[in-house]
Amino acid sequence: MPNFKIYSTGIVAIALSLATGCTPTTPHDDNISEVPPAQSVQTTESPSPSPSASPATSGQNNLSSLDRQFMTEAAQGGLAEVQLGQLASQRGTSDAVKQHGQHMVQDHTLVNNQLKQLAAQKGVTLPTTLNSKNKQIQQSLSKLSGARFDRQYLNQMLQNHEKDVSVFQTEAEQGQDPDVKAFAAQTLPILQEHLQQVRSLVNPGSSTSTPTPTSTPTPTSTPTTTP
């Protein structure tokens with residue numbers, strides 16, 4: 001009988017240990033159920049980086065059609081001035097025409113480089129070759145020589161720079177993009193100087209077409225004679 005009591009108590013102890021061993025599994029299930037809310041927090045934070053990328057792209061190409069057209073015309077005019085200037089330095093008869101051609105090449109090469117940098121910032125593709133009109137002018141000038149070349153080249157430079165001054169002045173006054181507008185205002189005095197030089201070469205005497213320049217030297221000469 002004592003052995004039977006010991007045996008029965010052992011069975012009871014084993015049954016209790018099994019019962020207590022099953023109970024810890026239930027708290028683990030409670031902990032697992034708390035994991036999903038942590039994942040939902042990560043999903044709410046994911047859309048935040050996307051709005052920061054959109055303003056960078058939207059702020060790039062804001063140029064108006066007028067500003068773009070000005071940059072294209074300025075680039076085309078600059079190409080023509082450089083190539084026709086090279087032609088004048090090679091085929092010109094007078095030293096004045098040759099020097100003027102070299103001057104055009106130097107000045108307009110600098111202006112063209114500035115315009116290229118500006119166009120790269122604004123995302124504008126500039127022309128790199130002469131259009132059909134300027135090609136025709138270049139071809140017709142290349143067939144001339146002597147005094148005929150000098151006269152025709154200077155007349156063409158007069159027309160080109162009158163147009164350039166008008167286009168750059170309009171952009172400097174009415175341009176919408178501040179950088180493009182500043183470029184036009186900065187370049188305008190250079191073009192105005194070129195125009196004055198061409199006018200003096202086309203009309204060296206300037207007796208009939210430009211009466212105002214002839215009147216300005218005479219007052220300066222009269223004060224010197226009176227004393």
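The values are calculated or read from the model by the stated rules, or taken from the named source; none is laboratory data. As the structure is a prediction and not an experimental result, all values here were calculated from the model. Don't worry about glycine lacking a Cβ; one is built from the backbone with ideal geometry, like all the others, and counts go over all protein chains shown. Please note that ligands, DNA and RNA were not included when accessible areas were found on the heavy atoms of the full protein model with its side chains. Shrake-Rupley method; radii C 1.70, N 1.55, O 1.52, S 1.80 Å.
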statement: Between the modelled labels at Ile190 and Gln102 (7 Å from Cα along Cα→Cβ) the distance in nm is 1.9 nm
field: Label-point gap, in nm, between Gln90 and Ser132 - each point 7 angstrom along Cα→Cβ
entry: 2.5 nm
- line: Regression test value, accessible area per residue of the stretch 76-154, probe 1.4 Å, units Å², expected 55 Å²
field: Sequence ranges 135-142, 70-77, 99-106, ranked by mean other-Cβ count within 10 angstrom, highest first
entry: 70-77, 99-106, 135-142
- request: Quick one: check the C-alpha center-to-center distance for the stretch 164-201 versus the stretch 90-155, whole angstrom.
  value: 17 Å
- prompt: Given the Cα-Cα distance of Thr170 and Leu110 and 0.36 nm per residue of separation, how much length would full extension add, in nm?
  reply: 19.5 nm
field: Local electrostatic count, Val97, Cβ distance below 10 Å [Lys/Arg +1, Asp/Glu -1]
entry: +1
task: Can you tell me how much longer the chain between Thr72 and Thr125 gets when fully stretched, taken as 0.36 nm per residue apart minus their C-alpha distance, in nm with one decimal?
output: 18.3 nm
query: Lys135: which lysines have alpha carbons under 18 Å from its alpha carbon, excluding same-chain residues fewer than 8 sequence positions away?
result: Lys143, Lys163
